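Written below as structure tokens is the structure these notes are about.
The values are calculated or read from the model by the stated rules, or taken from the named source; none is laboratory data. This one's a predicted model, so the numbers in the text were calculated from it and none came from an experiment. For neighbour counting, all protein chains shown are included, and Cβ atoms are generated from backbone atoms with ideal geometry for every residue, glycine included. What goes into the accessible areas is simple: the full protein's heavy atoms, side chains included, and nothing from ligands, DNA or RNA. Shrake-Rupley method; radii C 1.70, N 1.55, O 1.52, S 1.80 Å.
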Amino acid sequence: MAVEEIWWKEGIVYQIYPRSFKDTSGNGIGDLRGIIEKLDYISSLGVDIIWLNPIYDSPNDDNGYDIRDYRKIMSEFGTMEDFDELLAGMKSRNLRLVMDLVVNHCSDEHKWFQESRKSRENPYRDYFHWWPAEKGTPPKRWSYFDVEENAWQYDEKTDAYYLHYFAVKQPDLKWENPKVRQEVYDMMHFWFKKGVDGFRMDVIPFISKDTTYPEIDAQEPHEFISYYANGPKVHEYLNELNREVISKYDAFTVGEGPGIAREDALDFVHEDRKEMDMFFHFDLMSLDRAPGEVFKMRQGGWKLTEFKKIFNDWDTAFAKAGWGSLFLANHDFPRSVSRWGNDSPEHWHNSATLLQTFLLTMRGTPYFYQGDEIGMTNVKFTDIEDYRDINTINRYETVKQRGGDLNAFMESEQHAARENARTPMQWDDTINAGFTNSEPWIKLNPDYKDGVNVKSQEKDKYSILNYFRKITELRKKNKVLVYGDYHCIYPEHDKVYAYTRTLEAERFLILLNFSDEIERFTLPVNITYNRKIKLISNDKILDDKTFKEFALRPWQAVVYKLEH
Ligand code: GLC
């Protein structure tokens, strides 16, 4: 069956973390008018779709992932009028908008929860998961942001525990109650009627729970996560959500998919199942983490052969049905150039552009995170006082309470912390990098003074920013880069990642040197061609005169078109 061609497969996504994008109101927090101000810039990047992290009313215990009112704009970010203007500004530039859908949980300040906790008879009681205390202590559930890692919180008022897979202030919604599902669908219609083009669905596989809350056989966080992601009715609910809402619009959904195993991938995204269109798997994001752990770094780093295997396996999973999403970073993970490249001054430019080349020449929809286009790097805070993220702060407290090694924790956070990605966008080299004219909500990465900013890169023809524009254009002009078959050459090579993309008679060759040294590389005999045309490279070609042999500079990326 031929792959169906559709706009969200061809689109390039740019993710905006509004809190850190651009402040215009002078409160030190990014806002919607800041995004409006930068729409021409975003459009100049050659991206097509914007994914906005949550912008809804929230007490910000988890930066907007704890929603108090799904139909209201967070006051720090602006008003509904600002939103309407933003959306109109996007439409006039042919930019599509994807919103964040956070419905596994809401804020404990949401009206539903305020009511629910009042009495056991309250009409909203059954909107959440409650365990009456007379039944004893509920069976263990692990929680992401709880200091005691305990997902059950005792609530005195009604002498019962409520479930929260994330922070204490993020109670899980009870999807088993049809009224909850209807509320969610109505809210989605509200946003679709305004003209949004889709949703990124936060921890969506966690929505279905076994409401007997049995003992589960899990010790480590990742075992709990795979249990959470495989609730008894997850497919039924996704299917219903698709039928009731998504199918009525020209829209797409991308799920955040922690805990979804590759073997089960098509159950979520096969076209015939009508659930969601794509999802973010977590295999790559776990590659440099300690075994079984979600946040702790592993010793010894990662290997390119492992990295390739992840992409090879997932490409195979979606080669005939479904569709993949590609990302190297987002607001929950460290910066891509610091994590998968080399952010030292010597290799920063090439490795940042190599990673851009990689995402834009693979099969699947590519997602870039704000700042990737200028090679923003990890801030590596050394002082716990610099962190704002509940995840880092509460885990610090856990380690402290358990008498653990706080130095080791802080060291690991320098590489793993979510806030490496959340420091403000670097627009220029003036104070606060042009992000705000007052005190920013979080410290900036001081490297904005050293060329890691938009303004100085605008002026430089060879900057990371201007390379990004060229390579987005290359992808847009060549459907082979979107739909072409992917074939990895030498999966066992531990320095060079080389592959072809082929669509009918057209074939592209992509060579990426993931190392700090010059690498010589010989193509296998079965890759034949008469003539090659270099389409783009992030550095001067060292040697590609013969048909089979290539020399690549450190972190060099080259794309050729092969002709017969
Ligand atoms: C997702 C979000 C993350 C948030 C969590 C809880 O993982 O990406 O930022 O903290 O869900 O909503």
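Inside region 501-524, can you point out the residues that are in a strand (DSSP E or B) and not aliphatic (A, V, I, L, M)? Please lay out each step first, then the result.
Taking region 501-524 as the starting set, the residues that turn out to be in a strand (DSSP E or B) are 501-503, 506-513, 519-522.
Those that are in a strand (DSSP E or B) and not aliphatic (A, V, I, L, M): Arg501, Thr502, Glu506, Arg507, Phe508, Asn513, Glu519, Arg520, Phe521, Thr522.
Would you point out the residue of region 352-386, among those that are β-branched (Val, Ile, Thr) and free of Cβ contacts under 8 Å to residues at least 60 places away in the same chain, that is nearest to Ser463 (Cα to Cα)? Full working, then the answer.
Restricting attention to region 352-386, the residues satisfying the condition of being β-branched (Val, Ile, Thr) are 353, 357, 361, 365, 374, 377, 379, 382, 384.
Within this subset, residues satisfying the condition of being free of Cβ contacts under 8 Å to residues at least 60 places away in the same chain are 382, 384.
On the way: Thr382: 30, Ile384: 34 Å.
Checking each candidate, the answer is Thr382.
Name the single residue that is farthest from the ligand (Cβ to nearest atom) among those in region 21-64 being closer than 21 Å to Thr365 by Cα and polar (S, T, N, Q).
Ser44
Ile36 - would you say it is touching a residue at least 24 places away in the same chain (Cβ under 8 Å), touching a Lys or Arg at 6+ places or on another chain (Cβ under 6 Å) and over 17 Å from Met201 (Cα atoms)?
On the way: touching a residue at least 24 places away in the same chain (Cβ under 8 Å): yes; touching a Lys or Arg at 6+ places or on another chain (Cβ under 6 Å): no; over 17 Å from Met201 (Cα atoms): yes.
No.
For every residue, the table says whether it meets (1) within 12 Å of the ligand (Cβ to nearest atom); (2) modelled with pLDDT under 95; (3) on the phi < 0 side of the Ramachandran plot.
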site	(1), (2), (3)
Gln170	yes, no, yes
Val180	no, no, yes
Ile216	no, no, yes
Gln219	no, yes, yes
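Out of the residues in region 1-37 meeting the condition of being under 21 Å from Asn453 (Cβ atoms) and among the small types (Gly, Ala, Ser), tell me which one is most open to solvent (accessible area, probe 1.4 Å). Talk me through it step by step, then tell me what you get.
Filtering region 1-37 down to residues under 21 Å from Asn453 (Cβ atoms) leaves 14-24, 26, 28-31, 33-37.
Those left that are additionally among the small types (Gly, Ala, Ser): 20, 26, 28, 30, 34.
Numbers: Ser20: 0, Gly26: 33, Gly28: 0, Gly30: 0, Gly34: 0 Å².
Top of the filtered list is Gly26.
Yes or no, residue by residue, for (1) among the aromatic types (Phe, Trp, Tyr); (2) within 16 Å of the ligand (Cβ to nearest atom); (3) over 24 Å from Lys22 (Cβ atoms):
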| site | (1), (2), (3) |
| --- | --- |
| Asp405 | no, no, yes |
| Glu411 | no, no, yes |
| Arg422 | no, yes, no |
| Thr436 | no, no, no |
| Pro440 | no, no, no |
| Lys443 | no, no, no |
| Ile464 | no, no, no |
| Lys470 | no, no, yes |
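Give just the number: which of (1) in a loop (DSSP other than H, G, I, E, B); (2) crowded, with 20+ Cβ neighbours inside 10 Å; (3) in contact (Cβ under 8 Å) with a residue 60 or more places away in the chain does Ile67 not satisfy?
(3)
Scanning for something more than 16 Å from the ligand (Cβ to nearest atom), under 21 Å from the mean Cα position of the chain (by Cα), closer than 24 Å to Ile442 by Cα and not basic (Lys, Arg), does region 65-75 turn up at least one residue?
no
Of the residues Glu220, Glu236, only one is in contact (Cβ under 8 Å) with a residue 40 or more places away in the chain and more than 22 Å from the chain's Cα centre (by Cα); which? Show your work before the answer.
Values: Glu236 fails: in contact (Cβ under 8 Å) with a residue 40 or more places away in the chain.
It is Glu220.
Please report, ordered by residue number, the strands (runs of 3 or more DSSP E) entirely within region 104-221 with at least 2 residues that are touching a Ser or Thr at 6+ places or on another chain (Cβ under 9 Å) and closer than 28 Å to Phe83 by Cβ. Outline the logic, then answer.
Working: elements: 130-132, 152-155, 160-163, 198-201.
Of the strands (runs of 3 or more DSSP E) lying wholly inside region 104-221, those with at least 2 residues that are touching a Ser or Thr at 6+ places or on another chain (Cβ under 9 Å) and closer than 28 Å to Phe83 by Cβ span 198-201.
Of all residues in region 368-380, how many are in contact with a Lys or Arg (Cβ under 9 Å, 6 or more places away or on another chain) and either more than 30 Å from Val98 (Cβ to Cβ) or within 16 Å of the ligand (Cβ to nearest atom) (or both)?
Restricting attention to region 368-380, the residues satisfying the condition of being in contact with a Lys or Arg (Cβ under 9 Å, 6 or more places away or on another chain) are 369, 371-373, 375-379.
Checking the rest, the ones that are also either more than 30 Å from Val98 (Cβ to Cβ) or within 16 Å of the ligand (Cβ to nearest atom) (or both) come to 369.
Adding up the residues that qualify gives 1.
Considering every residue within region 483-492, establish whether at least one is open to solvent by less than 40 Å² (accessible area, probe 1.4 Å) and either within 25 Å of Arg418 (Cβ to Cβ) or assigned to a helix (DSSP H, G or I) (or both).
Kept after step one, since they are open to solvent by less than 40 Å² (accessible area, probe 1.4 Å), are these residues of region 483-492: 483-484, 486, 488-489.
Narrowing further to those that are either within 25 Å of Arg418 (Cβ to Cβ) or assigned to a helix (DSSP H, G or I) (or both): 483.
Yes, region 483-492 contains a residue that is open to solvent by less than 40 Å² (accessible area, probe 1.4 Å) and either within 25 Å of Arg418 (Cβ to Cβ) or assigned to a helix (DSSP H, G or I) (or both).
List every residue pair whose Cβ atoms lie under 7 Å apart, where the two residues are 6 or more positions apart in sequence or sit on different chains, the first residue falls within region 462-478 and is in contact (Cβ under 8 Å) with a residue 40 or more places away in the chain, and the second residue, located anywhere, is surrounded by fewer than 19 Cβ atoms within 10 Å (Cβ to Cβ) and among the polar types (S, T, N, Q).
Listed pairs, sorted by first residue: Arg469/Ser44.
Only one of these conditions is not met by Asn420: (1) farther than 30 Å from Glu293 by Cβ; (2) within 22 Å of the chain's Cα centre (by Cα). Which number is it?
It fails just one condition, (1).
For residues that are open to solvent by 30 Å² or more (accessible area, probe 1.4 Å) and hydrophobic (A, V, I, L, M, F, W, C), tally how many sit in region 376-398. Don't jump to the end; show me each part of the working.
Step one: of region 376-398, the residues open to solvent by 30 Å² or more (accessible area, probe 1.4 Å) are 380, 382-385, 388, 393-397.
Remaining after also requiring hydrophobic (A, V, I, L, M, F, W, C): 384, 393.
Looking only at that region, the number is 2.
Check region 112-134 and report whether any residue there is under 30 Å from Tyr249 (Cα atoms), within 16 Å of the ligand (Cβ to nearest atom) and crowded, with 21+ Cβ neighbours inside 10 Å.
The answer is yes, given that some residue of region 112-134 is under 30 Å from Tyr249 (Cα atoms), within 16 Å of the ligand (Cβ to nearest atom) and crowded, with 21+ Cβ neighbours inside 10 Å.
Considering region 247-271 alone, what residues qualify as being part of a helix (DSSP H, G or I) and without any contact (Cβ under 8 Å) to a residue 40 or more places away in the chain?
Here is the first cut: in region 247-271, the ones part of a helix (DSSP H, G or I) are 247-248, 262-269, 271.
Passing the criteria: Ser247, Glu263, Asp264, Asp267.
Out of all the residues in region 527-541, which are loosely packed, with under 15 Cβ neighbours inside 10 Å, among the hydrophobic types (A, V, I, L, M, F, W, C) and assigned to a loop (DSSP other than H, G, I, E, B)?
Matches in region 527-541: Ile541 only.
Consider Arg395 against the criteria (1) more than 28 Å from Gln457 (Cα to Cα); (2) more than 16 Å from the ligand (Cβ to nearest atom); (3) out of contact with any Asp or Glu (no Cβ under 7 Å at 6 or more places or on another chain): it satisfies all of them except one. Which criterion is unmet?
(2)
For residues in region 199-214 being of a type in the set (Ser, Thr, Tyr) and in contact with a Phe, Trp or Tyr (Cβ under 9 Å, 6 or more places away or on another chain), which is farthest from the ligand (Cβ to nearest atom)?
Residues of region 199-214 that are of a type in the set (Ser, Thr, Tyr), as a first pass: 208, 211-213.
In the following step, the residues that additionally are in contact with a Phe, Trp or Tyr (Cβ under 9 Å, 6 or more places away or on another chain) were identified as 208, 213.
Details: Ser208: 17, Tyr213: 20 Å.
Selected residue: Tyr213.
Pick from Thr472, Thr500: which is polar (S, T, N, Q) and either open to solvent by 30 Å² or more (accessible area, probe 1.4 Å) or under 23 Å from the mean Cα position of the chain (by Cα) (or both)? Quick ask: steps written out before the conclusion?
On the way: Thr500 fails: either open to solvent by 30 Å² or more (accessible area, probe 1.4 Å) or under 23 Å from the mean Cα position of the chain (by Cα) (or both).
Only one candidate passes the filter, namely Thr472.
Looking only at region 306-340, filter to residues that are in contact with a His (Cβ under 7 Å, 6 or more places away or on another chain) and away from the ligand (no atom under 16 Å from the Cβ); which one of those is nearest to Arg363 (Cα to Cα)?
Residues of region 306-340 in contact with a His (Cβ under 7 Å, 6 or more places away or on another chain): 314, 321-322, 334.
Keeping just the survivors that are away from the ligand (no atom under 16 Å from the Cβ) gives 314, 321-322.
Working: Trp314: 10, Ala321: 13, Gly322: 12 Å.
Top of the filtered list is Trp314.
Identify all residues within region 98-153 that are among the charged types (D, E, K, R) and under 30 Å from Ile49 (Cα atoms); write none if there are none.
If the condition is that a residue be among the charged types (D, E, K, R) and under 30 Å from Ile49 (Cα atoms), then Asp100 is the only one that fits.
Tell me whether region 88-104 contains one or more residues that are within 16 Å of the ligand (Cβ to nearest atom), under 23 Å from the mean Cα position of the chain (by Cα), closer than 22 Å to Thr24 by Cα and not charged (D, E, K, R).
Yes, region 88-104 contains at least one residue that is within 16 Å of the ligand (Cβ to nearest atom), under 23 Å from the mean Cα position of the chain (by Cα), closer than 22 Å to Thr24 by Cα and not charged (D, E, K, R).
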